[in-house]
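Only the coordinates and a few stated rules stand behind these numbers; no lab work does. It should be emphasised that the depicted structure is a prediction, and the values quoted were computed from it without experimental measurement. Here the Cβ is made from the backbone with ideal geometry for all residues, glycine too, and neighbour counts use every protein chain on show.
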Amino acid sequence: MTPNRHGSAVIEFPSDLEILITREFDAPIALVFDVFTKPEHVRKHFAPFEEEVTVCSIDLRVGGDYHIVMVTADGIECSFRGTYLEVEPPTRTVQTWLFEGWPDAEAVESMELTETDGVTKLTYRLTFRDQAGRDHMSKYDGLLSSFDNVEDYVAQISR
Amino acid sequence: MAPTPVTSDVFNAIAAADRREVLDTLLAGEKAVGAIVNDLSMSQPQVSKHLRVLSEAGLVRCRVDGRRRLYRLEPAQLRPFHDWLAKYEQAWNARLDRVEDYLKELQQRGEQQ
């Protein structure tokens, strides 16, 4: 049994407008590409927690649209859509990204894959068009969780 | 309590790993720039640059003691960002962990055929 790489995604912020996520998978590049671009696969992993994916249509060609909807356990619908700008299997796609909850937050997302010795590295980048869009990401709109211990949380973010 | 908006300054200030190290070393308490340089494998100009960014974002506060400039943490500014980042990181890790498990499942199925 190979150990898994759970929890190994690296999240970085290369500029004011960008979010960069990298993660490796022990699988060949062609399979990883399919898993991120074919609706029958995307359905299986798009929702991070207990949400249900109710719509997943992907027209994987330049100018083609995708639309993915997931519904959270408490019934909130999250709808994502966009249009493919570049499609280069099995290494790269670039597409516009629009979350219906933030209609002014236009962004472009790109996925790049590279394979070395059977390990495929995913580089995912989300680039907002302007600061107004990116500000959605950094505004905290949930309930403030209680914390008493300054050391705990600073240690966490300083990992 | 109303949700606290986070300025992008805080967001950017904390996004760099080096600056998180600077914050980390200030956990132990107030420190002079020289002491921070000693703690970390960074040059004095680097540390000063990071302190300036952190200071502008309100994450550290500086006071002058004779010829020394002493810095201390202002952790209250960090909380909303930390909560957001933790949630975001958790969601992405959960999704990509799911991709990994699913890839394993597909590969095992492929081998069995």
Low-density loop cleavage sites - trypsin sites (Lys or Arg not before Pro) in the range A:37-143, where at most 10 other Cβ are within 10 Å (DSSP): A:R61
Just the C-alpha atoms of the protein assembly as shown: what Rg/Rh do they give, with Rh taken as the Kirkwood radius? 1.02
Springs between alpha-carbon pairs under 10 angstrom, Gaussian network model over chain B: which of B:D97, B:D24, B:D83 fluctuates most? B:D97
Compute the relative contact order of chain B as a whole-number percentage, counting only Cα pairs closer than 8 Å that sit 6 or more residues apart in sequence. 26 percent
Going residue by residue through the range A:65-79, the Karplus relation 6.51 cos²θ - 1.76 cosθ + 1.60 with θ = phi - 60° gives ³J(HN,Hα) values, rounded to whole Hz and with x marking Gly or Pro, of 9, 10, 8, 10, 10, 10, 10, 6, 4, 9, x, 7, 8, 10, 10
Please list the three semi-axes, largest first and in whole Å, of the ellipsoid equivalent to chain B, using sqrt of 5 times the eigenvalues of its alpha carbon gyration tensor. 40, 18, 10
What is the angle, in °, between the Cα long axis of helix B:44-56 and the longest principal axis of the Cα atoms in chain B? Nearest 10 is fine, range 0 to 90. 80 degrees
If amide H atoms are built 1.01 Å from N in the plane of the peptide, which residues on other chains or at least 5 residues away come under 5 Å of the amide H of B:V60? B:S55, B:E74
Kirkwood estimate for the range A:10-157, i.e. one over the average of 1/r between Cα atoms, Å: 17.0 Å
Dipole of the range B:8-112, Cα-centred, from +1 at each Lys and Arg C-beta and -1 at each Asp and Glu C-beta, to the nearest 20 debye? 580 debye
Output ³J(HN,Hα) for the range A:111-125: one whole-Hz value per residue in order, computed from phi by the Karplus curve 6.51 cos²θ - 1.76 cosθ + 1.60 with θ = phi - 60°, and x for Gly and Pro. 10, 10, 10, 9, 10, 9, 6, x, 10, 9, 9, 9, 10, 10, 10
The range A:1-62: chymotrypsin sites (Phe, Trp or Tyr not before Pro) in DSSP coil with no more than 14 other Cβ atoms inside 10 Å: A:F49
Run the reach check for A:K38 against lysines, Cα to Cα strictly under 30 Å, same-chain hits fewer than 8 apart removed. What comes back? A:K121, B:K87, B:K104
HN-Hα couplings for the range A:94-107 via Karplus (6.51, -1.76, 1.60; θ = phi - 60°), in whole Hz with x for Gly/Pro, come out as 10, 8, 6, 9, 9, 9, 5, x, 10, x, 8, 9, 7, 8
Along the charge dipole of the protein assembly as shown, Cβ charges K/R +1 and D/E -1, which of B:L96, B:V37, A:T22 sits furthest on the positive end? B:V37
